[in-house]
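So the structure is just underneath, and the comments pick up after that.
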Amino acid sequence: MRKNIVAGNWKMNTTVPEGVQLADDLVNLLKGTKANCDVVICTPFTHLCAVAAILEGSPVCLGAENCARHDKGAYTGEVSAAMVRSTGADYVILGHSERRQYFGENNEELSEKLRLALDNGLRPIFCVGEVLEQREDGSFNEVVAGQLEPLFNLPVDDFKKVIIAYEPVWAIGTGKTATADQAEDMHAFIRKQVEEKFGKQVAEATSILYGGSCKPGNARELFAKPDVDGGLIGGAALKAADFMGIIEAFS
C-alpha cells in the first residue's frame, strides 16, 4: 500500500532562527499524537543542519528544496546532492514549477539531478504541472506526460523511491481554483502513465501529492480522493498550526 505524505516546502522564507522555531513548534504540536501520514519539511539550504538537530527523535523527516545537477566542482553557489545528504536530509524537491519557470529547468537537467539525488540516498519529490495557458488550451495531459519523462527513464527499482507531486500552476496566485475533482482527474492520469510504463503494482504503490494551494480548509476533501496521497504544502507550511491542520486531515 502506498504511503500518505504531507510535505512542507518553505521556499525562500524564514531566517535560520525563524526556521528553527517553526520546526520546533511543529515537533511540539506532534508530541503525543499519532500522525496517519509521513511528515516532511523541506527547508532552504542554510537551515538544513540546524533544523536536522530539532527534528532528531521526532517523526518529522527533513528535505531540501533543490540540489545541483553536478556532483562536485567549480560551481560557485551550488549545493550538491551529497552535501544535502550530509546534513541529515532524506528528501529533495526536484522540478518545482518555480524552478522550471524562473531557472529554466528542463528534462535533461532534471534527469541529472534525479540520478545524483538517488545515488546519494535522497528520495526525490518530483514536481509536474501545467500553467494557465496549457490548462485552457487543453494540452495539460500532454504537458504533464512530457514532464514525467525523466522519471520514466529510471530503472524501476529507482522509480519506486520517487514521490510525484502535481502542481496546477494555473491555480496558484491566479484567482482561479482547482477543484478536488480536477486534482483527482490529473492524479489518476499520472497514475495511469506510471502503470503503462512500470505496471499496475508499481503504479498502485506510487505516492502522488497535490501541490495547489492546499490548506486546512480543503485538505480533507482533497485527501479523500482515491488517487490523492497527500500534499506538497507551500504557504500553509509556514505556520505550524496550519500545517498541523493539514496533517490532521488524514484521520
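The values are calculated or read from the model by the stated rules, or taken from the named source; none is laboratory data. Note that the structure is predicted; figures quoted are calculated from it, not measured. In this analysis, Cβ positions are derived from the backbone assuming ideal geometry, glycine residues included, and neighbour counts consider all displayed protein chains.
What pairs come out if I take residues in segment 77-104 that are in contact (Cβ under 8 Å) with a residue 60 or more places away in the chain and of a type in the set (Phe, Trp, Tyr) and pair them with residues that are surrounded by fewer than 24 Cβ atoms within 10 Å (Cβ to Cβ) and in a helix (DSSP H, G or I) whose C-beta lies under 8 Å away, six or more apart or interchain?
Partner pairs satisfying both residue conditions: none exist.
Mind checking which residues of segment 193-251 are in contact with a Gly (Cβ under 9 Å, 6 or more places away or on another chain), surrounded by fewer than 21 Cβ atoms within 10 Å (Cβ to Cβ) and aromatic (Phe, Trp, Tyr)?
PHE250 - this is the single residue of segment 193-251 that is in contact with a Gly (Cβ under 9 Å, 6 or more places away or on another chain), surrounded by fewer than 21 Cβ atoms within 10 Å (Cβ to Cβ) and aromatic (Phe, Trp, Tyr).
Taking LEU114 and the conditions (1) out of contact with any helix residue (DSSP H, G or I) (no Cβ under 9 Å at 6 or more places or on another chain); (2) within 20 Å of LYS72 (Cβ to Cβ), which numbered condition does it fall short on, given that it satisfies the others?
Only one criterion is unmet by LEU114, namely (1).
Quick check on my filter: what residues within segment 78-100 are more than 13 Å from PHE45 (Cα to Cα) and of a type in the set (Ser, Thr, Tyr)?
Residue satisfying the conditions is SER97 alone.
Can you find, within segment 32-56, the residue that is nearest to LEU116 (Cα to Cα) among those that are at pLDDT 95 or above and in a loop (DSSP other than H, G, I, E, B)?
PRO44
Out of all the residues in segment 1-28, which are over 13 Å from PRO44 (Cβ atoms), touching a residue at least 60 places away in the same chain (Cβ under 8 Å) and charged (D, E, K, R)?
ARG2, LYS3, ASP25
Considering each residue of segment 14-69, count those that are out of contact with any Pro (no Cβ under 7 Å at 6 or more places or on another chain), surrounded by 14 or more Cβ atoms within 10 Å (Cβ to Cβ), β-branched (Val, Ile, Thr) and farther than 22 Å from SER97 by Cβ, and give that number.
6
Considering only residues that are among the β-branched types (Val, Ile, Thr) and not in a helix (DSSP H, G or I), which ones fall in segment 210-251?
Across segment 210-251, the qualifying residues are VAL228, ILE233.
So which of LYS161, LYS176 ends up being modelled with pLDDT of 95 or more and either in contact with an Asp or Glu (Cβ under 9 Å, 6 or more places away or on another chain) or closer than 23 Å to ARG99 by Cα (or both)? Explain how you work it out, then say what you get.
Values: LYS176 fails: modelled with pLDDT of 95 or more.
Just one listed residue meets the conditions, LYS161.
Against the condition under 23 Å from ARG115 (Cβ atoms) and either more than 19 Å from the chain's Cα centre (by Cα) or among the basic types (Lys, Arg) (or both), how does LYS161 come out, does it pass?
So LYS161 fits the description; yes.
Based on what the data block shows, is ALA68 within 28 Å of THR15 (Cα to Cα), assigned to a loop (DSSP other than H, G, I, E, B) and among the small types (Gly, Ala, Ser)?
yes
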